[in-house]
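**Q** Dropping the structure in here first, questions after.
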Amino acid sequence: MKYLSEYRDGALASKIADGINAISKKPARFMEVCGTHTVAIFRHGIRGILPEHIELISGPGCPVCVTATRDIDKAIKVGRIPDVIVATFGDLMRVPGSESSLQKEKSLGADVRMVYSTMDALDIARQNGEKKVVFLGIGFETTSPTIAAAVLAAEAEGIDNFSVLSSHKLIPPAVGALLAGGELDVSGFICPGHVSTVIGTAPYEPVAAHYHTPCVVVGFEPIDILQGIYMLVSQIEAGEARVEIQYRRSVTPEGNPNAIKTLYRVFEPCDAPWRGLGVIPKSGLALREEYRAFDADAQFDLEVPDAPEPPGCMCGDILRGVKTPMDCKLFRKACTPENPVGPCMVSTEGTCAAYYKYSRL
Amino acid sequence: MCLAVPMEVIEIDGQNARVGLGGVVRDIRLDILDERPEIGDYVIVHAGFALHRIDPEDARITLQLWKEMGAIDEVPE
């Protein structure tokens with residue numbers, strides 16, 4: 001398959017791994033920010049072919065995992081309003097709120113429907129004119145422009161029974177917050193490829209410059225990841241800290257200006273709560289005043305009490321890269337994919353779920 | 001959740017397109033694309049939208065890097 005199979009070639013992977021082993025002298029700790037990378041690194045056994053002094057740690061880039069309990073509670077609350085249909089990406093269904101989950105609500109009679117695209121949610125709105133369709137907007141810059149495009153399509157078509165409950169988040173402010181926190185020990189970032197397909201590379205320049213930490217934007221196939229690590233190691237060995245693109249076939253320095261324009265036409269940055277990281281200034285997206293008619297927060301009373309994290313759950317520390325699932329007392333015992341306590345075990349791209357599936361006991 | 005895949009454009013109708021990959025066919029939107037694709041182009045698809053048209057020349061830069069690393073002998077055509 002074009003642009004896929006050539007990046008899965010085992011012999012090429014071995015050669016690149018040899019290259020890394022040949023040039024790498026200094027110990028290094030790289031954070032893969034994105035949950036899709038976390039899973040790919042496990043699935044392809046990348047850790048096993050790297051030098052022992054190179055460590056890979058997982059970061060906060062799983063949108064489901066960083067969604068605050070309170071935001072799940074709001075989604076559950078809106079689903080309990082009569083004549084509301086909740087449309088959501090499947091990933092959110094099983095995430096526990098403070099007392100329920102969307103899946104439980106569905107089994108109790110709430111109309112919760114899984115969709116592949118926001119455009120599917122718009123179809124549901126068209127077909128159910130007497131009901132109100134609320135789409136749960138989660139995801140990073142890869143996903144949020146698609147939600148913005150759906151809002152614009154709804155506006156153009158005069159669809160007035162569609163709204164978005166936005167928990168969208170932005171990656172660069174989170175990376176900045178991790179470094180500003182001072183507890184994270186990291187030598188470089190494996191930056192999420194598809195986020196930069198939209199935003200380009202400029203938002204990482206301050207990270208590289210201010211914290212002298214190399215950032216390489218990397219694709220998701222095994223060759224991509226190995227080459228990205230090679231590029232990071234090259235910078236570390238040379239004492240450099242630059243922003244580079246490994247994932248050339250999908251990322252340009254300027255990103256996708258049309259997607260950015262669409263995104264910021266509908267949304268504006270707002271302070272947002274991240275599970276484990278607290279409130280990060282200007283790290284979330286709220287619908288602009290002009291699009292209030294499509295803002296579920298403005299359409300419904302969705303105030304919910306503050307929700308504490310589940311006792312003993314270390315998802316917060318894991319999302320900040322300061323602990324691994326192995327450090328958590330609940331991991332594999334009270335917390336499993338069948339009965340997840342925290343969100344990192346729920347999402348297939350969560351760090352705990354990936355460790356559970358791929359790491360040895 | 002940031003999974004996206006390269007798919008080949010099979011049909012285009014305004015902002016709608018049909019794309020395919022290994023026998024899988026999907027209908028997607030082109031609203032947020034940076035440049036309009038043509039039939040036969042590959043686009044990166046995420047959640048029902050094309051995010052990027054792949055420029056074969058950009059893809060070749062990666063292959064060039066493999067060559068510089070000594071991982072391949074020649075950049076394939």
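**Q** Just tell me how shielded A:190-202 is by partners: mean number of partner chain Cβ atoms within 10 Å of each residue's Cβ, no decimals. Could the numbers behind the result be given before it?
**A** Values: counts 0, 0, 1, 3, 8, 1, 0, 7, 5, 0, 0, 0, 0.
Counting Cβ atoms of other protein chains within 10 Å of each residue's Cβ and averaging gives 2.
**Q** Counting other beta carbons within 10 Å of each Cβ, put A:PHE300, A:PHE294, A:PHE331 in order, fewest first. Walk me through the numbers on the way to the answer.
**A** Details: A:PHE300 17, A:PHE294 25, A:PHE331 22.
Lowest to highest Cβ neighbour count: A:PHE300, A:PHE331, A:PHE294.
**Q** What angle do you read, to the nearest 10 degrees and between 0 and 90, between the alpha-carbon axis of helix A:257-266 and the longest principal axis of chain A?
**A** 40
**Q** Could you work out how far helix B:56-68 tilts from the main Cα principal axis of chain B, as a 0 to 90 degree angle to the nearest 10?
**A** For helix B:56-68, the angle is close to 20 degrees.
**Q** For A:LEU108, A:LEU122, A:LEU287, A:LEU12, what ranking results if the residue with the fewest other Cβ atoms within 10 Å of its Cβ goes first?
**A** On the way: A:LEU108 10, A:LEU122 21, A:LEU287 26, A:LEU12 18.
Ascending Cβ contact count within 10 Å gives the list A:LEU108, A:LEU12, A:LEU122, A:LEU287.
**Q** Run through every distinct alpha carbon pair of region B:5-68 and return the Kirkwood hydrodynamic radius in angstroms, one decimal place. Present the calculation step by step, with values, prior to reporting the outcome.
**A** Values: mean 1/r = 0.0825 Å⁻¹.
Result for region B:5-68, one decimal place: 12.1 Å.
**Q** Once you have a ≥ b ≥ c as the square roots of the Cα gyration tensor eigenvalues for region A:198-327, tell me rounded if a/c is under 1.5, and otherwise prolate or oblate according to whether a/b is larger than b/c.
**A** Values: a/c = 2.46, a/b = 1.36, b/c = 1.81.
It is oblate, given that a/c is not under 1.5 and a/b is not larger than b/c.
**Q** Right, next: Calculate the spin-label point distance for A:LYS329 paired with A:ALA298, positioning each point 7 Å from the Cα along the beta-carbon direction, and give it in nanometres.
**A** Roughly 4.7 nm, to one decimal.
**Q** Show me, for region A:292-300, the HN-Hα J-couplings you get by feeding each phi into the Karplus relation (A = 6.51, B = -1.76, C = 1.60, θ = phi - 60°), rounded to Hz, glycine and proline as x.
**A** Using θ = phi - 60°, the values come out as 4, 4, 10, 9, 4, 4, 8, 7, 10 Hz.
**Q** Report, in debye and to the nearest 20, how large the dipole of region B:5-68 comes out about its Cα centre when Lys and Arg carry +1 and Asp and Glu carry -1 on their Cβ.
**A** Details: 7 positive and 13 negative charges, 44 e Å.
The dipole magnitude comes to about 220 debye.
**Q** Taking a threshold of 18 Å on the Cα-Cα distance, which of the pairs A:LYS74/A:LYS329; A:LYS106/A:LYS132; A:LYS74/A:LYS169; A:LYS2/A:LYS261 fall above it? If you can, show how the numbers build up before the last one.
**A** On the way: A:LYS74/A:LYS329 29 Å; A:LYS106/A:LYS132 16 Å; A:LYS74/A:LYS169 16 Å; A:LYS2/A:LYS261 30 Å.
Where the Cα-Cα span goes over 18 Å, the pairs concerned are A:LYS74/A:LYS329; A:LYS2/A:LYS261.
**Q** Roughly what % of DSSP beta bridges within chain A run antiparallel, to the nearest 5? Could you put the intermediate results ahead of the total?
**A** Values: 9 of 40 bridges.
Close to 20 percent.
**Q** Given +1 on the Cβ of Lys and Arg, -1 on the Cβ of Asp and Glu, and no further charges, what dipole in debye does region A:110-222 carry about its Cα centre, rounded to the nearest 20?
**A** Numbers: 5 positive and 12 negative charges, 24 e Å.
Dipole magnitude for region A:110-222 comes out near 120 debye.
**Q** Follow-up question, since we're still on this one. Just report the Cα centroid separation between region A:102-155 and region B:26-77, whole Å.
**A** Centre-to-centre distance over Cα atoms comes out at 29 Å.
**Q** For the peptides A:194-202, A:87-95, what is the packing order when you average, over each peptide's residues, the other Cβ atoms within 10 Å and list the highest mean first?
**A** Details: A:194-202: 23.7, A:87-95: 21.0.
So the order, starting with the most tightly packed, is A:194-202, A:87-95.
**Q** Ok, one more. Rounding to the nearest 20 debye, state how big the charge dipole of region A:251-361 is about its Cα centre with +1 on each Lys and Arg Cβ and -1 on each Asp and Glu Cβ.
**A** Working: 13 positive and 15 negative charges, 148 e Å.
Charge dipole, region A:251-361, about its Cα centre: 720 debye, nearest 20.
**Q** How much mean residue ellipticity at 222 nm does chain A get from its helices, if each DSSP H run of length 4 or more adds -39500 (n - 2.57) and you divide by all residues, to the nearest 500 deg cm²/dmol?
**A** Per the formula, -11000 deg cm²/dmol.
**Q** Now a separate question. If you take each beta carbon of peptide B:59-68 and count the beta carbons of other chains within 10 angstrom, what is the mean?
**A** Values: counts 7, 2, 4, 11, 3, 1, 5, 8, 0, 0.
Mean shielding by partner chains, rounded to a whole number: 4.
**Q** Sticking with this one: I'd like the distance between the alpha-carbon centres of region A:341-361 and region A:1-74, rounded to an integer number of Å.
**A** About 15 Å separates the Cα centre of region A:341-361 from the one of region A:1-74.
**Q** Please compute the Kirkwood hydrodynamic radius of chain A from all pairs of different C-alpha atoms, in Å with one decimal.
**A** Details: mean 1/r = 0.0475 Å⁻¹.
Result for chain A stands at 21.1 Å.
**Q** Taking every residue in A:256-263, how many Cβ atoms of other protein chains lie within 10 Å of its Cβ, on average? Before the final figure, lay out each step's value.
**A** Values: counts 9, 1, 7, 8, 2, 1, 3, 1.
Shielding by partners across A:256-263 averages 4.
**Q** For the Cα atoms of chain A, what angle does the longest principal axis make with the long axis of helix A:222-238, in degrees from 0 to 90, nearest 10?
**A** So the inclination is approximately 60 degrees.
**Q** Working out 0.36 nm times the residue gap between A:ALA156 and A:GLU289, then minus their Cα-Cα distance, what length gain in nm do you get to one decimal?
**A** Working: separation 133, 0.36 × 133 = 47.88 nm, distance 1.70 nm.
The span from A:ALA156 to A:GLU289 would gain 46.2 nm if fully extended.
No lab work stands behind these numbers, since they all come straight from the coordinates. Predicted model only: the values in this text are computed from it and were never measured. Glycine also receives a Cβ, built like all others from the backbone with ideal geometry; neighbour counts cover every protein chain displayed.
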